[in-house]
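The values are calculated or read from the model by the stated rules, or taken from the named source; none is laboratory data. On a predicted model such as this, the values are computed, not experimentally measured, just so you know. A quick note on method: Cβ atoms are made from the backbone with ideal geometry, for glycine too, and the neighbour counts reach across all protein chains shown.
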Amino acid sequence: MLLPAVARRKYKHLIEMQKDFVMEAAKSPFNSFNLDAPDSSKGIITTGLGYNYLREVFGDQPIPYPVIKICQYPVPINEIHAMYDKCDSLYFFEEGMPILEEMIKGAGFKGQKPIHGRLDGTLSRDGELNPNKVAVALGMPDTIGQDIPEVVTGRPPALCVGCPHADSYLALNEAVKEYGRGHVFSDIGCYTLGFMPPYNAINSCVDMGASITMAKGAADSGLFPAIAVIGDSTFAHSGLTGLMDCLYDKSNVVIVILDNSTTGMTGGQDYTAFGKLEQICLGLGVEKEHIRTFVPFKKNFDEMVQIFKEEIASEGVSVVIPIRECVQTLKRKHKLEAK
């Protein structure tokens, strides 16, 4: 029970336990320490996937430099101090942000031995790590892999052919055309690809669950219309509280819950609100006449546009639910039925 008095005692106890955690990390099978390699001009500290890239650079040959691989925390600081004392310089290879590199630079190392990684420009500060970058950082030839042939061009992700969201976006674009850009706030999901051409249907996306609250903030600040686009499973996971806030403050928003009957972006899983979206919105307090549904097909385009326009013109909270199953899960069902 972390009431303040208990929490203070627990925090003190947690600090006292840190030395045990550090000792455990030093013995962990998930961490490895090779400090006896022959070439001590470079010491390499790497984490997780970064070690795979390092291993790929050297192939079947042993890595000539001392290497510490960290996959369990806290950081085994004593072993890193030993490497620092032994080697002329340290190299950090970690995927993503230079968290460990920043931590070590503030850990009280003596002397001025160079520490290389993302912070000093040895590796680019942004972008993914890969074997080529590791090889170049170590002063080795950039020999991993081959150049991409000119005939190969980048293909950005796109909504699937036949995706129900595509028809919903086309209708939404038509409905907001007279207002110009900057009115549609999206959530995280495959439908976020609606920002890409040819739809260009959404204008802002930040994180999971933010679409409705962004639209609410915009509406409360005077933006009209303010429209949120959120997937059915995302709404069940992270959209309910935003809708309740809108209802409590009577914000003038249109919330579009794109119902493709699945969790499309991550493989087609079921979700908790399947088949219940209208009842949930009604139970939270959305007026029944402002919970609108349609089937997003091109043949229903005029009806869809009209529903969007009517709810944009309506004062208060409106929920529009386009309902049509994801084409990918539908294909899988048809294959199973054919067996």
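For the range 255-299, enumerate the residues that are touching a strand residue (DSSP E or B) at 6+ places or on another chain (Cβ under 6 Å) and of a type in the set (S, T, N, Q).
THR263, GLN269, THR293
Output the residues belonging to the range 311-339 that are loosely packed, with under 15 Cβ neighbours inside 10 Å and in a helix (DSSP H, G or I).
ALA313, LYS331, ARG332, LYS333, HIS334, LYS335, LEU336, GLU337, ALA338
Tally time: how many residues in the range 19-49 are within 32 Å of the chain's Cα centre (by Cα) and of a type in the set (A, V, I, L, M)?
Of the residues in the range 19-49, 6 are within 32 Å of the chain's Cα centre (by Cα) and of a type in the set (A, V, I, L, M).
Going by the conditions given, is PRO296 part of a loop (DSSP other than H, G, I, E, B) and either more than 30 Å from GLN269 (Cβ to Cβ) or under 30 Å from the mean Cα position of the chain (by Cα) (or both)?
Answer is yes for this residue.
TYR84 passes all but one of (1) at pLDDT 90 or above; (2) surrounded by 13 or more Cβ atoms within 10 Å (Cβ to Cβ); (3) farther than 27 Å from PHE21 by Cα; (4) not basic (Lys, Arg); which number fails?
Only one criterion is unmet by TYR84, namely (3).
Looking only at helices (runs of 4 or more DSSP H) that fall completely inside the range 1-90, which ones have 2 or more residues that are small (Gly, Ala, Ser)? Please lay out each step first, then the result.
Working: elements: 4-27, 49-58, 77-86.
Of the helices (runs of 4 or more DSSP H) lying wholly inside the range 1-90, those with at least 2 residues that are small (Gly, Ala, Ser) span 4-27.
Can you name the number of the only condition in (1) at positive phi; (2) within 29 Å of the chain's Cα centre (by Cα) that LEU330 fails?
Evaluating LEU330 over (1) at positive phi; (2) within 29 Å of the chain's Cα centre (by Cα) leaves (1) as the failure.
May I ask you to list the residues in the range 253-274 that are over 27 Å from VAL161 (Cβ atoms), in contact with a Cys (Cβ under 9 Å, 6 or more places away or on another chain) and part of a loop (DSSP other than H, G, I, E, B)?
Scanning the range 253-274 gives no hits.
For ILE104, indicate whether it is at pLDDT below 90, farther than 30 Å from PHE301 by Cα, β-branched (Val, Ile, Thr) and not in a loop (DSSP other than H, G, I, E, B). Walk me through it before giving the result.
On the way: at pLDDT below 90: yes; farther than 30 Å from PHE301 by Cα: yes; β-branched (Val, Ile, Thr): yes; not in a loop (DSSP other than H, G, I, E, B): yes.
Considered against the rule, which asks whether it is at pLDDT below 90, farther than 30 Å from PHE301 by Cα, β-branched (Val, Ile, Thr) and not in a loop (DSSP other than H, G, I, E, B), ILE104 comes out as yes.
Which residue out of LYS331, LYS250, LYS298 is modelled with pLDDT of 95 or more and either over 24 Å from ALA226 (Cα atoms) or not assigned by TED's automatic domain parsing to the domain that holds THR192 (or both)?
On the way: LYS331 fails: modelled with pLDDT of 95 or more; LYS250 fails: either over 24 Å from ALA226 (Cα atoms) or not assigned by TED's automatic domain parsing to the domain that holds THR192 (or both).
Selected residue: LYS298, the only one of LYS331, LYS250, LYS298 that is modelled with pLDDT of 95 or more and either over 24 Å from ALA226 (Cα atoms) or not assigned by TED's automatic domain parsing to the domain that holds THR192 (or both).
Can you find a residue that is assigned to a strand (DSSP E or B), surrounded by fewer than 14 Cβ atoms within 10 Å (Cβ to Cβ) and assigned by TED's automatic domain parsing to the domain that holds MET208 anywhere in the range 275-292?
No, that holds for no residue.
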